[in-house]
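Data block below; observations after.
The values are calculated or read from the model by the stated rules, or taken from the named source; none is laboratory data. Values in this document were obtained by computation on a predicted structure and should not be read as measured data. Cβ: placed from backbone, ideal geometry, glycine included. Neighbour counts: every protein chain shown.
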Amino acid sequence: MRDMCHLRKTALAAAACVLSLAWTQSARSSDITFAVIGPHEYDLPVNFDPFNVLVQYGDGNAAGNAYDGSGNRVPKDGSHTWTGLTKYVHFRSFDAIPNVGFAFELIQASSYVLANGQSYGGLGTTIPGFAAWFKPNAHSTFGFQTFMESPSGTRDALASHEWTNITSFLFDYEWKHFSFDGDLGATVTATSQHLRLQHSYTPGRSFFSNLRFGWKASPLMEPFFAFDWQNTGGIYDNTLSRYVADSNAREVALGTGIMFNLSKKSSLTLRYAHSVEGRNVPETNAYYVKFVYLW
């Protein structure tokens, strides 16, 4: 078993992924799924005593422009969104399953939106999740995670109104002075409920990837580079038996940030990201904050 100091350090940055703000038929979020993760997100231990982690994620996006169906950046569909994700995670391993770690998670989303002359905020979806991983060697981690996004919300505009499963593979590799984390996953959303006098829709599947390359500049400070990608299929109108025009989307965003290891039990991560390519989606022009506390 690793010593407790190392366990705490890896656990602070870990806590398996979280979700970005969900999109509705009226407006899409400009945030890429799991874009909130930081460096060492998947630097996870095995064969450890149970412990708990509380994570507070926050991001703000000032999308003054959008990408049209041809990939051109145009000054329209501007919006400002602020999103918070509060996550509790219970980590544990089992003697009967050695060299494998598990995490059980519960996430509550909250958000505030300013767009099209309207502003509103409140609690969004509730997201339970599960992750499992193993270590092929002392320096690497490989596993998977799955989440179920509920259709609920305190306001109709903040609720997704659909059940969505988000599943991804995760990996981490640690060098002496560098780290490399990432995931590759997909989202599958249930067909919208059939409501009287309304069309029924099947949302397109999304595929996404998030990569983080960090430099261990000192025990207290770690700058890093971020790459985020997402591609979403078009929305299918079951009533009319055809796809909704310009409902498919794609985005690539790059960013830089820094992680501060405040203590053995807490860390703070800051990052800025911006779109470099997109289609049928508001641009990403966002800042991210992540605070972790372990006990």
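Filter segment 122-161 down to residues that are within 18 Å of the chain's Cα centre (by Cα) and in a loop (DSSP other than H, G, I, E, B), then give me how many there are.
Final tally of qualifying residues: 4.
Which ones in segment 162-179 are outside any strand (DSSP E or B) and surrounded by fewer than 17 Cβ atoms within 10 Å (Cβ to Cβ)?
The initial filter retains those residues of segment 162-179 that are outside any strand (DSSP E or B), namely 162-163, 175-177.
Across segment 162-179, the qualifying residues are TRP163, TRP175, LYS176, HIS177.
I need every pair where a residue in segment 55-73 that is in contact (Cβ under 8 Å) with a residue 40 or more places away in the chain and more than 21 Å from VAL289 (Cβ to Cβ) has its Cβ under 8 Å from the Cβ of a residue that is buried (at least 16 other Cβ atoms within 10 Å of the Cβ) and of a type in the set (A, V, I, L, M), sequence separation at least 6 or different chains.
Correct list of pairs: ALA66/VAL281; TYR67/VAL281; ARG73/ALA66.
Please name all residue pairs, on different chains or six or more residues apart, with Cβ atoms under 8 Å, provided the first residue is in segment 32-50 and is touching a residue at least 24 places away in the same chain (Cβ under 8 Å) and the second residue is in a loop (DSSP other than H, G, I, E, B) and of a type in the set (Ser, Thr, Tyr).
So the pair list comes out as ILE32/SER20; ILE32/THR284; THR33/SER20; PHE34/SER20; ALA35/SER20; ALA35/THR284; VAL36/SER20.
Where the second residue is surrounded by fewer than 15 Cβ atoms within 10 Å (Cβ to Cβ) and among the basic types (Lys, Arg) and the first is touching a residue at least 40 places away in the same chain (Cβ under 8 Å) and lies in segment 115-126, which pairs have Cβ atoms under 9 Å and are six or more apart or on separate chains?
Hits for this filter: GLY124/ARG155.
Is there a residue in segment 266-280 that is under 17 Å from the mean Cα position of the chain (by Cα) and among the acidic types (Asp, Glu)?
No, segment 266-280 contains no residue that is under 17 Å from the mean Cα position of the chain (by Cα) and among the acidic types (Asp, Glu).
Every residue in segment 264-284 that is modelled with pLDDT of 95 or more, polar (S, T, N, Q) and either crowded, with 18+ Cβ neighbours inside 10 Å or assigned to a loop (DSSP other than H, G, I, E, B) (or both), please.
SER267, THR269, SER275
So which pairs qualify, if the first residue must be in segment 238-251 and in contact (Cβ under 8 Å) with a residue 12 or more places away in the chain, the second must be in a strand (DSSP E or B) and basic (Lys, Arg), the Cβ gap must be under 8 Å, and the two must be at least 6 apart or on different chains?
Going by the 8 Å Cβ cut-off, the qualifying pairs are ASN248/ARG279; ALA249/ARG279; ARG250/ARG279; GLU251/ARG279.
Picking from THR167, THR187, THR191, which residue would you name as being over 13 Å from the mean Cα position of the chain (by Cα) and hydroxyl-bearing (Ser, Thr, Tyr)?
The unique qualifying residue is THR191.
Looking at GLY185, GLY129, GLY143, can you tell me which residue is surrounded by 17 or more Cβ atoms within 10 Å (Cβ to Cβ), at pLDDT 95 or above and over 30 Å from TRP82 (Cβ atoms)?
Of the residues listed, the single one that is surrounded by 17 or more Cβ atoms within 10 Å (Cβ to Cβ), at pLDDT 95 or above and over 30 Å from TRP82 (Cβ atoms) is GLY143.
I want to confirm something. Restricting to segment 195-215 and keeping residues that are of a type in the set (S, T, N, Q) and surrounded by 14 or more Cβ atoms within 10 Å (Cβ to Cβ), which single residue is farthest from the chain's Cα centre (by Cα)?
SER200
Taking segment 216-235 as the region of interest, how many residues are of a type in the set (Ser, Thr, Tyr) and surrounded by 18 or more Cβ atoms within 10 Å (Cβ to Cβ)?
The number of residues fulfilling the criteria is 1.
So, in segment 82-132, how many residues would count as being aromatic (Phe, Trp, Tyr) and closer than 17 Å to ASN52 by Cα?
6
Tell me, yes or no, whether segment 100-121 has at least one residue that is polar (S, T, N, Q), assigned to a strand (DSSP E or B) and over 24 Å from PHE291 (Cβ atoms).
The answer is yes; a qualifying residue exists.
How many of the residues in segment 47-102 are more than 23 Å from the chain's Cα centre (by Cα), surrounded by 15 or more Cβ atoms within 10 Å (Cβ to Cβ) and hydroxyl-bearing (Ser, Thr, Tyr)?
So the answer is 1.
When segment 74-112 is examined, which residues are found to be without any contact (Cβ under 8 Å) to a residue 24 or more places away in the chain and of a type in the set (Phe, Trp, Tyr)?
Within segment 74-112, just PHE94 meets the criteria.
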